């Protein structure tokens, strides 16, 4: 192949669409069993009425249908993505979990999968996002906790928390979604964050968006890990946030200092009893399979020039850093495809 695209979420499908239009040969390898990218893993209680919106994939406007607001977003978006793959005849192979991308002596790249299959390519467009790499922060005593601990990525709905004392950790939209639902059923809810949450009012207009993208882009150009979206944007007053506020569960507490067997302990020695701790602590970029290429900078991130990795022009990261948003992913897919075609024309193929 000229190009292997890894991941069939929004960034990967956008890249594939533009590569197809430019006449570049490629294949898309997706680790999930079904279409939908990260949307496919969202809990069934996250309905279309609760999401901020589904941004169109390039070349195919999504038409909402009557009655879909009560359907799970995973179902609706999964169907949209699957139809998109068929409509544009995108060569998506699944489930194919890529385990490594390594350099070959002839200048090409070897892409290896967990099923033993391999591909060789001149360029890799990586669109693996973050959903498969949930972040679990270390806190003293966590291993001693006798209750249940889970990451928000494993949250499937409020029913299993009925009558339980729940601590929710994290200040992002995932935490707000969990809090808005378990507030009706849990015996008690304690919300803790490292920093006071910043609630954003007003419209999220183009000027604000450009400012945020510039901030994130400056970090990745310097080789630093990109910040989480909420760290830059704050929490908007979405329907989910308003619901949580109405239920009185957005009463934030400072971060506890340690986990004890039956709860969490704060700096003043107060212990809040807990049966469950939900870590809504975000995600990190899923780039472990690129480790053989040694792309990381001393600052811990990957230094970028647009979508291209500065250390290796054969690697493009789409849906990373400033393109880790619905709007940014589409733009990144187009930019990556154009630059990839130019690279293929300039750099001779291996004999």
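Of the strands (runs of 3 or more DSSP E) contained entirely in segment 249-351, those carrying at least 1 residues that are more than 22 Å from residue 175 (Cβ to Cβ) and in the same structural domain as residue 126 (by TED's automatic domain parsing) fall at 312-317.
Is it the case that residue 71 is closer than 25 Å to residue 42 by Cα and in contact with a helix residue (DSSP H, G or I) (Cβ under 7 Å, 6 or more places away or on another chain)? Answer is no for this residue. Of the strands (runs of 3 or more DSSP E) contained entirely in segment 102-176, those carrying at least 1 residues that are surrounded by fewer than 21 Cβ atoms within 10 Å (Cβ to Cβ) fall at 109-113, 118-121, 148-151, 165-169. A Cβ distance below 6 Å, combined with a sequence gap of six or more or placement on separate chains, defines the contacts here; from segment 33-52, residues that are touching a residue at least 60 places away in the same chain (Cβ under 8 Å) and assigned by TED's automatic domain parsing to the domain that holds residue 73 reach residues that are surrounded by fewer than 16 Cβ atoms within 10 Å (Cβ to Cβ) and outside any helix (DSSP H, G or I) in the pairs 33/95; 43/156; 43/157; 45/157.
Residue 15 meets the conditions (1) touching a residue at least 40 places away in the same chain (Cβ under 8 Å); (2) surrounded by fewer than 18 Cβ atoms within 10 Å (Cβ to Cβ); (3) in contact with a strand residue (DSSP E or B) (Cβ under 6 Å, 6 or more places away or on another chain) in every case but one. The failed one is (2). In this entry, residue 86 passes the filter for residues that are assigned to a helix (DSSP H, G or I), surrounded by fewer than 18 Cβ atoms within 10 Å (Cβ to Cβ) and at negative phi. Return the only residue of 297, 243 being within 25 Å of residue 47 (Cα to Cα) and touching a residue at least 40 places away in the same chain (Cβ under 8 Å). 243 is the lone residue from the list that is within 25 Å of residue 47 (Cα to Cα) and touching a residue at least 40 places away in the same chain (Cβ under 8 Å).
The values are calculated or read from the model by the stated rules, or taken from the named source; none is laboratory data. What you are looking at is a predicted structure, and each value in this text was computed from that prediction instead of being measured. When we count neighbours, we look across all protein chains shown, and the Cβ atoms used for this are built from the backbone with ideal geometry, even at glycine.
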